[in-house]
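Enquirer: I'd like to ask you about the structure that follows.
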Amino acid sequence: MRHDSGGRMVAVADDLSGAAETAIALGVRGSRSVVVLDGADAEAPVVVFDVDTRAAPPAVAAAAVTAALGRVRTGDRLFKKIDSLLRGNIAAEIATLTEHGYGVALTPALPVARRVVRQGVLYVDGVPLADSEAWRAERATPPRTVRDAVGEAELLGLAMVRDPAALREAFTAAAGAPRVLVCDCETDADLDAIARAAQGVPGLALAGSGGLAAAIGRLHPVPDDQAPAPAARAMPVLVVVGTAEPVAVEQVARLSGATVHSLDPGALAAGGVALPPPDGLTVLRVAPGRLDPRRAPAVAAGLAQTAVAALTGPAALVVLGGETARRVLEALGVDRLEPLGEIHHGAVLSRLPGGRLVVTRPGSFGGPDSLARIVRALRTPETHPAAQPAGLQ
């Protein structure tokens, strides 16, 4: 398979919140980028396919990535979005890239969230991933090293990453094999070095978190012909909390004037709960308590059905958690969204077909005031994210 430089930037993501984050990070916003669900394609400089494989069996994930690669055209550049906490089917999905003729340079590092890679080990807030609490809601145990998550791969240390000529040579060799390289990375400057060294290397795909996507985006100026920002207004806002992360509890508590519905997970898994339409600021969340990971997909689907059934008016949506966001869009019957801007890191404002605004955000992102900032940005013209470059809020 031939992989030339130029053409579209195509990304493949395993969940919806990561797909939206990637579309913004790659540097083309508004109507010139699109996140696509299911088997559709799109004409835009940046196209991100959400293959929705985070919780899928490895064989299903590999098949979904294969289908997405079937929509990659000669001349497109490829980025594979992976989770910065190494969740999901990384080994199966990266193996699919090499089977299709791509060499891969990979790092899950996300320095802005204090997730770095040293000597092949992912550290979260200074603690090795395997010794942290980051996988507390997962069914499996976290990998000890990045290579444990990726499969067969060669490690490039920081000295190599910070040597431009040597890094370029390693990337060129990996593309010709094809092989997988795992890169140590501690800073945004390291991410920039990886993106620069990979630029124009035929047959090389980059794989990483939104941090590496942002480094790729920094190589290309944002065009001036952005779509006009939607007018902010005092619209109802429906917040759907599809995450078990403890920080989400405090984020909800800091929402002044919100009506909060804590819903029984059993009732959600059975198909959903009947609620009145949102009026003002309304929050739907699973009742606090440890959720059995085996029930999580059914609970996410029930939460989505509950939200959409209540969504009879022009309310804006805020959805925490990639799987829940995907289920919400499926329940709404939409197959794409247009990312417009970033309220804070990972909190992406998008427009759905028909004009409804939706903010998606990974469950593990954001400080205690994340939801308050998101709601304020939706309602206040001066802080509306689509009216200014992403990342400035």
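Enquirer: Tell me, in nm to one decimal, what length is gained between Ala253 and Ala287 on full extension, where the rule is 0.36 nm per residue of separation less the Cα-Cα distance?
Expert: Details: separation 34, 0.36 × 34 = 12.24 nm, distance 1.37 nm.
So the chain would gain 10.9 nm between Ala253 and Ala287.
Enquirer: To continue, here is another question. Quick check: net charge around Arg118, other residues with Cβ under 9 Å of its Cβ, Lys/Arg +1 and Asp/Glu -1?
Expert: Values: positive: none; negative: Asp184, Glu186.
Charge balance near Arg118 sits at -2.
Enquirer: Can you give the local net charge around Ala215? Use residues other than it whose beta-carbon is closer than 10 angstrom to its beta-carbon, Lys and Arg +1, Asp and Glu -1.
Expert: Details: positive: Arg196, Arg218; negative: Asp188, Asp190, Asp192.
Once all neighbours under 10 Å are counted, the net charge is -1.
Enquirer: Out of residues 5 or more away from Leu122 or on other chains, whose amide H comes under 5 Å of its own, with H placed 1.01 Å from N in the peptide plane?
Expert: Under 5 Å from the amide H of Leu122: Leu129, Val146.
Enquirer: Taking the highest mean first, how do the peptides 340-352, 155-167 order by number of other beta carbon atoms within 10 angstrom per residue?
Expert: Numbers: 340-352: 25.0, 155-167: 15.9.
Taking the mean over residues of other Cβ atoms within 10 Å, the ranking is 340-352, 155-167.
Enquirer: What residues qualify as long-range amide H neighbours of Phe79, i.e. H under 5 Å apart, gap of 5 or more or another chain, H built at 1.01 Å from N?
Expert: Val10, Ala11, Val12
Enquirer: Taking all pairs of distinct Cα atoms, average 1/r, flip it, and tell me the Kirkwood hydrodynamic radius of the range 237-387 in Å to one decimal place. Numbers along the way, then the final one.
Expert: On the way: mean 1/r = 0.0659 Å⁻¹.
That comes to 15.2 Å for the range 237-387.
Enquirer: For labels at Thr312 and Ala40 in the simple 7 Å Cα→Cβ model, what's the distance in nm?
Expert: In this crude label model, Thr312 to Ala40 measures out at 2.7 nm.
Enquirer: Ranked from highest to lowest mean number of other Cβ atoms within 10 Å per residue, what is the order of the peptides 237-244, 116-123, 134-141, 99-106? Please list the in-between numbers first.
Expert: On the way: 237-244: 24.9, 116-123: 19.9, 134-141: 13.2, 99-106: 21.4.
Ranking the peptides 237-244, 116-123, 134-141, 99-106 by packing returns 237-244, 99-106, 116-123, 134-141.
Enquirer: So, one more: Using 0.36 nm per residue of separation minus the Cα-Cα distance, give me the extension gain between Ala177 and Asp163 in nm, one decimal.
Expert: On the way: separation 14, 0.36 × 14 = 5.04 nm, distance 2.14 nm.
Between Ala177 and Asp163, full extension yields 2.9 nm more.
Enquirer: I'd like the orientation of helix 370-379 relative to the chain: the angle between its Cα long axis and the longest Cα principal axis, in ° from 0 to 90, rounded to 10.
Expert: 70
Enquirer: Between Gln119 and Asp335, what FRET efficiency follows from the Cβ-Cβ distance if R0 is 41 Å, with the result rounded to 0.05?
Expert: On the way: r = 42 Å, r/R0 = 1.03.
After rounding to 0.05, the efficiency reads 0.45.
Enquirer: For Thr380 and Arg295 in one chain, what is 0.36 nm times their gap in residues minus the Cα-Cα distance, to one decimal in nm? Kindly include the intermediate steps, with their values, before the conclusion.
Expert: On the way: separation 85, 0.36 × 85 = 30.60 nm, distance 3.77 nm.
Gain on extension, Thr380 to Arg295, equals 26.8 nm.
Enquirer: Ordered by packing density, taken as the mean number of other Cβ atoms within 10 Å over each peptide's residues, highest first, how do 353-363, 247-257 rank? Working shown, then result.
Expert: Details: 353-363: 20.8, 247-257: 15.7.
My ranking of the peptides, most packed first, is 353-363, 247-257.
Enquirer: Under the rule a/c < 1.5 gives rounded, and otherwise a/b versus b/c splits prolate from oblate, where does the range 288-377 land using the Cα gyration tensor? Let's see the in-between values first.
Expert: Numbers: a/c = 1.78, a/b = 1.12, b/c = 1.59.
Taking the square roots of the gyration eigenvalues as a ≥ b ≥ c, the range 288-377 is oblate.
Enquirer: Then there's this: Given N residues in the chain, what is its alpha carbon radius of gyration divided by 2.2 N^0.38 Å? Don't jump to the answer; show the numbers that get you there.
Expert: Numbers: Rg = 20.0 Å, N = 393, 2.2 N^0.38 = 21.3 Å.
The value comes to 0.94.
Enquirer: Moving to a separate point now. Tell me what the chain gives for mean residue ellipticity at 222 nm when only DSSP H runs of n ≥ 4 count, each as -39,500 (n - 2.57), the sum divided by the residue total, rounded to 500 deg cm²/dmol.
Expert: Details: 13 runs with 122 residues, N = 393.
For the chain, the value works out to -9000 deg cm²/dmol.
Enquirer: What spacing in nm lies between the two simple spin-label points modelled at Ala270 and Arg73, each 7 Å away from Cα in the Cβ direction?
Expert: Between Ala270 and Arg73, the simple spin-label model gives 5.1 nm.
Enquirer: If you find the alpha carbon centre of the range 243-263 and of the range 132-206, how far apart are they in angstrom?
Expert: Between the Cα centres of the range 243-263 and the range 132-206 lies a distance of 36 Å.
Enquirer: Also, quick follow-up: Note down the relative contact order for the chain as a percent, whole number, built from C-alpha pairs under 8 angstrom at least six residues apart. Working shown, then result.
Expert: Working: 902 pairs, mean separation 75.7, N = 393.
Across the chain, relative contact order equals 19 percent.
Enquirer: Follow-up question, since we're still on this one. Averaged over every viewing direction, what's the projected area of the C-alpha convex hull for the range 9-218? Give it in nm², one decimal, please.
Expert: On the way: hull surface 41.2 nm².
Averaged projected hull area, Cα only: 10.3 nm².
Enquirer: Across the range 93-238, what fraction of all alpha-carbon pairs, as a whole percent, falls in each successive 10 Å bin from zero upward?
Expert: Spelled out per bin, shortest first, that is 11, 36, 29, 15, 8, 1.
Read-outs throughout are calculated quantities, based only on the coordinates presented, and are distinct from any laboratory measurement. None of these values were measured; they are calculated from a predicted model. Heads up, the Cβs are rebuilt from the backbone with ideal geometry, glycines too, and the neighbour counts pull from every protein chain shown.
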